[in-house]
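Below is one structure, written out as C-alpha cells; the observations come after it.
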Amino acid sequence: MNILLGAPVWYGNRPFTRTIEELYKLELDYFEFSLDYPLPNCMEEAERGEIKGLLDEFGLKIAFHSPLDISVAHPRDGIADASMTVLRRCMEFSAEFMPLSLYYNLHLHPKVSTYKLDDVRGEIKQKGLGRWLEITKMASEFGIPVSVENDLVPFEWSDLIFEALSLSLSASDVCLTFDIGHAIMAEVTQPKSGIKMKDGNYLDYLKRWIDKCGDKIRVVHLHDCSLTEKQDHLSIGSGELDFDAVFKVLKGINCKYMVIETFWRNKEKEEMTYEEMRKNVEFCRCYL
C-alpha cells in the first residue's frame with residue numbers, strides 16, 4: 001500500500017509552526033487542517049506565508065477539513081445558504097495552498113433529529129443532492145479535489161452520500177473519505193442492520209462500505225474504537241479493534257491518503273501526545 005500518512009491539525013494546536021515542526025519530526029507526509037471557527041479569517045497573510053514556507057522546507061503536503069459548525073446540506077435553506085457562503089471562503093483559502101493542497105474534506109449529512117423519519121430523510125436527500133452539485137461546481141472553480149466523509153449515520157440511511165458519489169463523473173476530482181470508526185460506531189449507536197456485534201463482525205460494517213464505494217475511497221480516517229463504551233478516535237491499541245484484520249480489509253481499496261485521526265490516548269479521553277502519535281505512526285508504517 002503506497003499511501004501518504006497524515007495527522008489532524010485544528011485551531012487548538014497553535015502555534016501552528018511548532019505543530020508542523022513536530023509532525024515533520026514524526027516523518028508524516030502531510031496533515032489535514034481543520035478550518036473550524038475562527039479559521040480561516042483569523043489567519044493573516046504573514047502567517048499563511050510562514051506555513052507555506054515550512055511546507056516547502058519540510059517537503060510536507062496539506063489537506064483541509066471543512067468546518068464542523070456549518071451544515072451545507074441542511075434542509076432549512078437559510079442555514080444551508082449561510083453554510084455555503086462559509087464553504088466558499090474556506091475553499092478559496094485552501095486553494096491558496098495549491099499545488100501543495102491534496103484535497104478538501106467535508107461532511108454532507110445534516111445533524112437533524114428528524115433524519116430517522118423516512119419522509120424527512122427523503123426530502124433532505126433531494127435537497128442535499130442539489131447542494132452537492134453546487135459544491136462540486138465550486139470545487140471545480142478552485143481546482144480542488146473534494147472528498148465527502150461518511151458520518152455517524154447507519155449504512156442504510158446513507159443514500160445521500162451514495163447518490164452524491166454516483167453523480168460525480170470524475171473519480172479524480174470527487175471521492176470518499178472513509179472513516180472506519182464512523183462506519184462502526186454508527187451501527188453500534190444506531191443499529192439498523194441484522195449484523196450482530198460479536199466475533200469481530202464489526203468488520204462486516206467496513207466491508208459493506210467498501211463493497212458499495214470502494215472505487216471512490218481515496219482517503220481513510222483511522223482510529224481505534226471502544227465498542228463496549230461507544231468511544232471512537234482513540235489511539236491505536238487503546239480500543240478493541242483488531243488492526244491486523246482492519247488493514248486486511250483496507251488492502252483491497254485504492255487509497256492514497258490516510259489520516260491517523262486519534263484525538264484521545266485512551267478510554268479516559270486523555271489527550272494525545274506527540275510520543276503517542278509516534279507510536280501510531282510507527283504502527284501504521286508497518287502495514288503501509
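Every read-out reported here was derived from the displayed coordinates using simple, explicitly stated rules and does not represent laboratory data. Predicted model, so just to flag it, every value in this text is computed and none were measured. Ideal geometry is used to build each Cβ from the backbone, glycine not excepted, and the neighbour counts take in all protein chains shown.
Aromatic (Phe, Trp, Tyr), surrounded by fewer than 16 Cβ atoms within 10 Å (Cβ to Cβ) and out of contact with any Asp or Glu (no Cβ under 7 Å at 6 or more places or on another chain): which single residue out of Phe31, Phe97, Phe58 fits that description?
Testing whether each residue is aromatic (Phe, Trp, Tyr), surrounded by fewer than 16 Cβ atoms within 10 Å (Cβ to Cβ) and out of contact with any Asp or Glu (no Cβ under 7 Å at 6 or more places or on another chain) leaves just Phe58.
Given the options Phe142, Phe97, Phe93, name the one that is touching a residue at least 24 places away in the same chain (Cβ under 8 Å) and touching a helix residue (DSSP H, G or I) at 6+ places or on another chain (Cβ under 6 Å). Spell out how you get there, then give the answer.
Values: Phe97 fails: touching a helix residue (DSSP H, G or I) at 6+ places or on another chain (Cβ under 6 Å); Phe93 fails: touching a helix residue (DSSP H, G or I) at 6+ places or on another chain (Cβ under 6 Å).
Only one candidate qualifies: Phe142.
Within the range 111-125, is there a residue that is under 19 Å from the mean Cα position of the chain (by Cα) and either buried (at least 17 other Cβ atoms within 10 Å of the Cβ) or free of Cβ contacts under 8 Å to residues at least 12 places away in the same chain (or both)?
Within the range 111-125 (the criterion being under 19 Å from the mean Cα position of the chain (by Cα) and either buried (at least 17 other Cβ atoms within 10 Å of the Cβ) or free of Cβ contacts under 8 Å to residues at least 12 places away in the same chain (or both)), the answer is no, since none of the residues qualifies.
Give me the pairs, please: first residue somewhere in the range 10-23 and within 14 Å of Thr273 (Cβ to Cβ), second residue anywhere and surrounded by fewer than 17 Cβ atoms within 10 Å (Cβ to Cβ), beta-carbon distance under 7 Å, and either six or more positions apart or on two chains.
Once the first residue is within 14 Å of Thr273 (Cβ to Cβ) and sits in the range 10-23, its partners that are surrounded by fewer than 17 Cβ atoms within 10 Å (Cβ to Cβ) give Glu22/Tyr274.
Do we find that Ser66 is buried (at least 22 other Cβ atoms within 10 Å of the Cβ), in contact with a strand residue (DSSP E or B) (Cβ under 6 Å, 6 or more places away or on another chain) and within 13 Å of Trp10 (Cβ to Cβ) in this structure?
Details: buried (at least 22 other Cβ atoms within 10 Å of the Cβ): yes; in contact with a strand residue (DSSP E or B) (Cβ under 6 Å, 6 or more places away or on another chain): yes; within 13 Å of Trp10 (Cβ to Cβ): yes.
Yes, satisfied.
Take the residues in the range 205-241 that are of a type in the set (Val, Ile, Thr) and out of contact with any Gly (no Cβ under 8 Å at 6 or more places or on another chain); name whichever of them is surrounded by the most Cβ atoms within 10 Å (Cβ to Cβ).
Step one: list which residues in the range 205-241 are of a type in the set (Val, Ile, Thr), which gives 210, 217, 219-220, 228, 236.
Applying the additional criterion that residues be out of contact with any Gly (no Cβ under 8 Å at 6 or more places or on another chain) yields 217, 219-220, 228, 236.
On the way: Ile217: 22, Val219: 26, Val220: 21, Thr228: 11, Ile236: 20.
Per the stated criteria, the residue is Val219.
Out of the range 1-36, which residues are of a type outside the set (A, V, I, L, M), out of contact with any strand residue (DSSP E or B) (no Cβ under 6 Å at 6 or more places or on another chain) and part of a loop (DSSP other than H, G, I, E, B)?
Asn2, Arg14, Pro15, Glu27, Asp36, listed by residue number.
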